[in-house]
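Visitor: Quick one: the structure is below, and I'll ask about it shortly.
Just so it is clear, none of the values below were taken in a lab; they were calculated from the coordinates. Computed from a prediction, not measured in an experiment: that's the story for all the values here. Neighbour counts run over all protein chains shown; Cβ positions are idealised from the backbone, glycine included.
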């Protein structure tokens, strides 16, 4: 995916008036020489043909095609971004103290290009990655993100299965609905689900995948989730589909899964589990999977250990951590599980986020009505920033297929995943 | 692969007279009560319907179908096996002080079943796995195994490409020649080799894969190997094939690879590199692969860390170590490489070893003439033991595909690996 692919979204995505009361008159005196010097520090980091940075006294101007203009609306905003851009930029943009016109993707792209140039190759490991959130931590963290309203997510996720996880664009021209369907088939084929089998799902979202598995593969699913809103939604959905005999939604933490299943699956939950809990989760997976069973974990990850962006961690996903493959091995090695297959579909998440961001902008008026302008901006930046994090390989997407150590009924090759007409 | 698949080899594989001078009269007095007690200790570990264990005074008897008879020919042999079976069994069998009649695979299978029952789930990590053999260590270790005569390996490896690494049975009915060809295509498709590209190969064996790549994919290959006999053989072969303009064989350690390539490939070399050298090897791979290039490492591995069997390590493969995936991540994380795809084809190595063992037995007279009976027995046990190590999941076979971090020209899906007619 090169620069050419980063076409502007084609919708006016950040050109809003904002309420001046956010900033008041504080620090709004005319820029002084020191402000201009600070501005130049910032400008020197970015390619001016793509990103123009101006101060609060600049005349309004329209960005060209494939350009973004960033306006600092007060002196403190400028200082704060220079001190800690990763943490403060998001809050200042949300608050309207930084204004972006033009294509926000171009801006985020530029920022990642700057980071790539300056990053030191050897970085300290974050101690935070080993955090093992307790049940109540997890409850609070998950509520923060997933219980803000099912109606909000329905505005911009795929309309069929409400998948808030990476899609699989088997063909690059797919719609988000097709690509989410392809993702679910891809996972089910890897797991070789057969009618009548039992599946445990850890972190079921709004129930879309559990219902898909029951409907398309005839399996019996028990799906665990600690988001109350999602569980309620899932149960209603299963009722509407007349699938309550096949799908059971359990409001409980994955750590409390009991029983014995042909398959275990977890899509987009590991990011919230905490690296310190992986061994426990691995032991649990080994316990609930039958000796001839198998499992799949689908998770955002990293090429090397790094803490989550400070702003995302504070405002969007408290407690989240994308692990490296080495860190993920805590799930398998020494818990009696054997890794059969790892697939990294990083760029599919960039495409997924592009589709989400597009829908988000198409429905931005509804979001603004539901929440407020600050919320709109925060989510726009989160979606755009995540998209670029996958484009710039700051984030990966790993699907790991596994089976109990010594299981010899594993697939002979992976050809069945790609067989036509299956 | 269940018990049913372990049909006897169909060739008289271990029913030889041995030279009594190996043991002399030492400890050959009639068994006493204590000898019988020791024998019962051993017997209690094995299923007598499959494996019969007898002492030196027992009458000769023929094993039934799917059975093995183990005869201890002297008292010391019995003691030594009870004290340290992993180390001593191989030497005593090679020396003719333990005699096996019937199917050696049944015996090794039984031994692994016993081990599986008694193994403690938490084992100490071996410090030896972190050994980083120096250039001269590697030279000596490789000479020990690979320079014992090309003619010997030609007796039992596939006849087309002399691949002494795991084959890929795209169809389970393939011959070893077809499966080795399929393995080489599988690797080339994963790497998406295109005519005119350049490839660095680390550990090229007898040159079969380098020649295959040049011939079938039109790439330019530089292949590195420290086995003098293999290099000489490879060069002759390339000459016969009129491929010297495309393939260059370099007698040098992988640590000395220079240049810049579209692809890096290493099949069956990592096992000899030493886990302490992985980071250095990873840095080297990153350095020699172009920013839009890719690489593949194919290696025996483990589900959890464990030292290599003591006898194999002493007699067959000094310095060898099969890493876990976590250990392999030293190659990629922090060296700027991103893992795209991991495939575990463990059971394909069991099939490969079955084909090798079959050919070995078909040509056992030639091997005995080249070497001696002790050599024949050591290699038979090594091949049979390795086969069962893969069946019992003590060993894995990982193929890891990777690219420089941030390369966005990576394959969109893996479907091209499985596309017909490619």
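Visitor: Go ahead and estimate [θ] at 222 nm for chain B from helices alone: -39,500 (n - 2.57) per DSSP H run with n ≥ 4, summed, over the residue count, rounded to 500.
Guide: Values: 16 runs with 168 residues, N = 422.
-12000 deg cm²/dmol, from helical runs alone.
Visitor: Would you calculate the separation in nanometres between label points at residue B:245 and residue A:134, each defined as 7 Å from the Cα along the Cα-to-beta-carbon direction?
Guide: For the pair residue B:245/residue A:134, the computed spacing is 7.4 nm.
Visitor: Return the equivalent ellipsoid semi-axes of segment A:231-300 as a descending list in whole Å, where each equals the square root of 5 times an eigenvalue of the C-alpha gyration tensor.
Guide: 23, 16, 11
Visitor: Given N residues in the protein assembly as shown, what is Rg(Cα) / (2.2 N^0.38 Å)?
Guide: Rg over 2.2 N^0.38 Å, computed on Cα atoms: 1.08.
Visitor: Could I ask something else about it? Alpha carbon centre of segment B:162-184 versus segment B:346-418: separation in Å?
Guide: 10
Visitor: In nm to one decimal, list the spacings between the residue B:290 label point and its equivalents in the other copies, with label points set 7 Å along Cα to Cβ, shortest first.
Guide: 5.1
Visitor: For segment A:204-262, restrict the atom set to alpha-carbon positions and state the Rg and Dmax in Å.
Guide: Just the Cα atoms of segment A:204-262 yield Rg and Dmax of 10.7, 29 Å.
Visitor: Follow-up. Consider a paramagnetic label point 7 Å from the Cα of residue A:215 along Cα→Cβ; state which residues of segment A:230-257 have an amide N under 20 Å from it.
Guide: Residues A:230-250 qualify, since their backbone N sits under 20 Å from the label point.
Visitor: Every other copy gets compared here: list the nm distances from the residue B:48 label point (7 Å along Cα to Cβ) to its counterparts, shortest first, one decimal.
Guide: Once sorted, the set of distances for residue B:48 reads 9.3 nm.
Visitor: Helix A:208-217 versus the longest principal axis of chain A: what is the Cα-based angle in degrees, 0 to 90, to the nearest 10?
Guide: Tilt of helix A:208-217: around 40 degrees.
Visitor: Moving to a separate point now. What FRET efficiency would be calculated for the residue pair residue B:371, residue A:290, taking the C-beta separation as r and a Förster radius of 41 Å, to the nearest 0.05?
Guide: Details: r = 47 Å, r/R0 = 1.15.
Efficiency computed from Cβ-Cβ geometry: 0.30.
Visitor: What number does segment B:239-362 give for Rg over Rh if you use C-alpha atoms and the Kirkwood radius?
Guide: 1.00
Visitor: If we count other beta carbons within 10 Å of each Cβ, what is the order of A:94, A:260, fewest first?
Guide: Going from least to most buried by this count: A:260, A:94.
Visitor: Something else: Averaging sequence separations of C-alpha pairs under 8 Å and six or more residues apart, then dividing by the length of chain B, give the relative contact order as a whole percent.
Guide: Details: 731 pairs, mean separation 71.0, N = 422.
Relative contact order here is 17 percent.
Visitor: Where both residues lie in the protein assembly as shown, what percent of DSSP beta bridges are antiparallel, nearest 5?
Guide: Just about 45 percent of them are antiparallel.
Visitor: Test of understanding: ordering B:388, A:174 by Cβ neighbours within 10 Å, fewest first, what list do you get?
Guide: Lowest count first: A:174, B:388.
Visitor: Can you tell me the order of B:152-163, B:208-219 when each peptide is scored by its average per-residue count of other Cβ atoms within 10 angstrom, highest first?
Guide: Result, highest mean first: B:208-219, B:152-163.
Visitor: Provide a whole-number value for the mean count of partner chain Cβ atoms within 10 Å of the Cβ atoms in peptide B:330-338.
Guide: 4
Visitor: Can you give me the angle between helix B:176-190 and the longest principal axis of chain B, using Cα atoms only, in degrees from 0 to 90, rounded to the nearest 10?
Guide: Here the helix axis deviates by roughly 40 degrees.
Visitor: On to the next question. Please rank B:337, B:42, fewest neighbouring Cβ atoms within 10 Å first, as an exposure proxy.
Guide: Going from least to most buried by this count: B:42, B:337.
Visitor: What nm distances, shortest first, do you get from the label point of residue A:259 to those in the other copies when the point sits 7 angstrom along Cα to Cβ?
Guide: Sorted ascending, the copy-to-copy spacings read 5.8 nm.
Visitor: At R0 = 22 Å, how high is the FRET efficiency between residue B:86 and residue A:408 if r is their beta carbon distance? Nearest 0.05 is fine. Working shown, then result.
Guide: Values: r = 23 Å, r/R0 = 1.04.
Working from the Cβ atoms, E equals 0.45.
Visitor: What is the spin-label model distance, in nm, from residue B:420 to residue B:195 if the labels are put 7 Å beyond Cα along the C-beta direction?
Guide: 2.5
Visitor: What does the extension gain come out to for residue B:159 and residue B:362, with contour length at 0.36 nm per residue minus their alpha carbon separation?
Guide: Taking 0.36 nm per residue and subtracting the Cα distance, the gain is 71.7 nm.
Visitor: Give me the distance in nm between label points sitting 7 Å out from Cα along the Cα-to-Cβ direction at residue B:235 and residue A:118, one decimal.
Guide: My value for the distance between the label points is 5.3 nm.
Visitor: Still on this structure, please answer the following. Compute the helix-to-body angle for B:33-43: its Cα long axis versus the longest principal axis of chain B, expressed 0 to 90° and rounded to tens.
Guide: Long axis of B:33-43 versus the principal axis of chain B: about 40 degrees.
Visitor: Okay, moving on. Full extension from residue A:58 to residue A:175: what is 0.36 nm times the residue separation minus their Cα-Cα distance, to one decimal in nm?
Guide: Working: separation 117, 0.36 × 117 = 42.12 nm, distance 4.08 nm.
Between residue A:58 and residue A:175, full extension yields 38.0 nm more.
Visitor: Take the Cα radius of gyration of segment A:127-418 and divide it by 2.2 N^0.38 Å, with N its residue count; two decimals is plenty.
Guide: 0.94
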